[in-house]
Amino acid sequence: MSIQDISSAVAALRRAEATRTPRGRLTREWEGLDLDTAYRVQNALVEERVAAGETVVGIKLGLTSRAKQERMGISSPLTAVLTDAYILPADVPVPLDRLIQPRAEPELVFVMGQPLRGPGVTAATALAAVDRVYGGFEIIDSRYVDYDFGLPDVVADNASSAFFVVGGVGRRPDELDLALEAVVLSVGGDVVDTATGAAVQGHPAEALALAANALGARGQEIPAGAIVLTGGLTDAIALTPGASLAAEFTHLGTVHLSVGR
């Protein structure tokens with residue numbers, strides 16, 4: 001893809017988001033959209049958002065289950081960039097009038113105390129760089145019709161990022177067994193799913209290490225102070241007007257999510 005093609009892909013994604021109109025896969029229009037090029041599109045999209053006044057606050061990890069990775073033909077999580085525009089205060093309902101087809105999933109959230117840069121990052125060194133762990137929700141919103149995309153498509157679309165909520169209870173990582181940290185997801189008071197941190201790459205620190213090494217190969221790092229969404233613990237739940245969700249973690253409190261009408 002040429003620089004002009006990358007700009008056109010960014011414009012197409014931005015237009016879909018602004019008009020709340022899902023589109024078909026980018027890979028059907030640009031045959032040259034491989035994974036490396038998709039990250040160039042993602043970077044250009046984020047640069048536009050920053051130029052418009054947003055501030056980068058962290059990263060998110062996607063496709064953190066091994067089963068999903070096998071289906072997509074990859075061996076490590078994909079990464080996307082979080083800006084302050086994605087932050088949703090805990091007491092603010094999800095604004096459905098700004099989204100296309102939103103879904104929510106509970107996550108373990110890291111706040112980095114030290115920077116991480118690959119290669120050579122292990123799960124142990126990754127976890128040692130984490131300052132605090134929180135429970136949270138991520139709200140995703142694909143710009144593709146019915147979430148129909150290939151790997152380069154979703155990477156270019158900044159991994160379907162929309163909003164995220166961070167809970168109010170933070171713990172040091174050495175206070176937790178993150179593989180066993182459990183969450184109970186309920187909608188309207190009814191339990192719909194349960195999971196543990198092992199759902200994320202076997203251990204969230206493994207996902208963090210793989211992401212740091214992948215970013216390092218692209219000349220990037222995870223800086224100190226960054227917020228890291230480590231990946232969905234359960235399947236994502238479609239959001240409906242007026243819905244009320246809760247993610248009850250074993251040691252990280254309960255995170256609530258309400259949906260606007």
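Which is among the hydrophobic types (A, V, I, L, M, F, W, C), over 12 Å from Glu107 (Cα atoms) and touching a residue at least 60 places away in the same chain (Cβ under 8 Å), of Val184, Val192, Val200, Val154?
Answer to the selection: Val154.
Residues in the range 153-162: is at least one within 22 Å of Thr27 (Cα to Cα) and out of contact with any strand residue (DSSP E or B) (no Cβ under 9 Å at 6 or more places or on another chain)?
Taking every residue of the range 153-162 in turn, at least one turns out to be within 22 Å of Thr27 (Cα to Cα) and out of contact with any strand residue (DSSP E or B) (no Cβ under 9 Å at 6 or more places or on another chain).
Can you tell me which residues in the range 216-234 are farther than 17 Å from Pro119 by Cβ and of a type in the set (Val, Ile, Thr)?
Ile227, Val228, Thr230, Thr234
Can you spot a residue in the range 134-145 that is in contact with a strand residue (DSSP E or B) (Cβ under 9 Å, 6 or more places away or on another chain) and of a type in the set (Asp, Glu)?
Scanning the range 134-145 turns up at least one residue that is in contact with a strand residue (DSSP E or B) (Cβ under 9 Å, 6 or more places away or on another chain) and of a type in the set (Asp, Glu).
Based on this model, can you work out whether Gln220 counts as closer than 30 Å to Asn43 by Cβ, polar (S, T, N, Q) and touching a Ser or Thr at 6+ places or on another chain (Cβ under 6 Å)?
It is false that Gln220 is closer than 30 Å to Asn43 by Cβ, polar (S, T, N, Q) and touching a Ser or Thr at 6+ places or on another chain (Cβ under 6 Å).
One residue is enough: does the range 205-218 have a residue meeting the conditions at negative phi, in a loop (DSSP other than H, G, I, E, B) and in contact with a helix residue (DSSP H, G or I) (Cβ under 9 Å, 6 or more places away or on another chain)?
yes
With (1) in contact with a strand residue (DSSP E or B) (Cβ under 6 Å, 6 or more places away or on another chain); (2) at pLDDT 95 or above; (3) under 20 Å from Ala238 (Cα atoms) as the list, and Pro95 as the residue in question, which single condition is left unmet?
Here Pro95 clears every test but (1).
Within 23 Å of Thr83 (Cβ to Cβ), in contact with a strand residue (DSSP E or B) (Cβ under 6 Å, 6 or more places away or on another chain), part of a loop (DSSP other than H, G, I, E, B) and of a type in the set (Gly, Ala, Ser): is that true of Ala224 in this structure?
When the stated conditions are applied, Ala224 passes them.
Only one of (1) farther than 26 Å from Val121 by Cβ; (2) loosely packed, with under 15 Cβ neighbours inside 10 Å is not met by Asp174, so which one is it?
Of everything listed in (1) farther than 26 Å from Val121 by Cβ; (2) loosely packed, with under 15 Cβ neighbours inside 10 Å, Asp174 misses just condition (1).
Of the numbered conditions (1) modelled with pLDDT of 95 or more; (2) under 19 Å from the mean Cα position of the chain (by Cα); (3) of a type in the set (Asp, Glu), Asp148 fails exactly one; give the number of that condition.
(1)
Could you figure out which of (1) modelled with pLDDT of 95 or more; (2) farther than 19 Å from Tyr86 by Cα isn't true of Ala217?
(1)
State all residues of the range 11-31 that are assigned to a helix (DSSP H, G or I) and in contact (Cβ under 8 Å) with a residue 40 or more places away in the chain; if no residue qualifies, say none. So that I can check it myself, show each step before the final result.
Just the residues of the range 11-31 that are assigned to a helix (DSSP H, G or I), to begin with: 11-19, 26-28.
Matches in the range 11-31: Leu13, Ala16, Glu17, Leu26, Thr27.
Between a residue in the range 238-249 that is touching a residue at least 40 places away in the same chain (Cβ under 8 Å) and any residue that is of a type in the set (D, E, K, R) and outside any loop (DSSP other than H, G, I, E, B), which pairs come within a Cβ distance under 8 Å, given they are 6 or more apart or on different chains?
Close Cβ pairs (under 8 Å, with a partner that is of a type in the set (D, E, K, R) and outside any loop (DSSP other than H, G, I, E, B)) amount to Ala238/Arg103; Leu239/Arg103.
Give the range 89-123 a look and list any residue that's in contact (Cβ under 8 Å) with a residue 60 or more places away in the chain, among the charged types (D, E, K, R) and more than 30 Å from Asp174 (Cβ to Cβ), or say none.
Asp97, Arg98, Arg103
The values are calculated or read from the model by the stated rules, or taken from the named source; none is laboratory data. The model shown is predicted, which means the values in this text are computed figures rather than measured ones. FYI the Cβ positions are ideal-geometry reconstructions off the backbone, even for glycines, and counts take in every protein chain you see.
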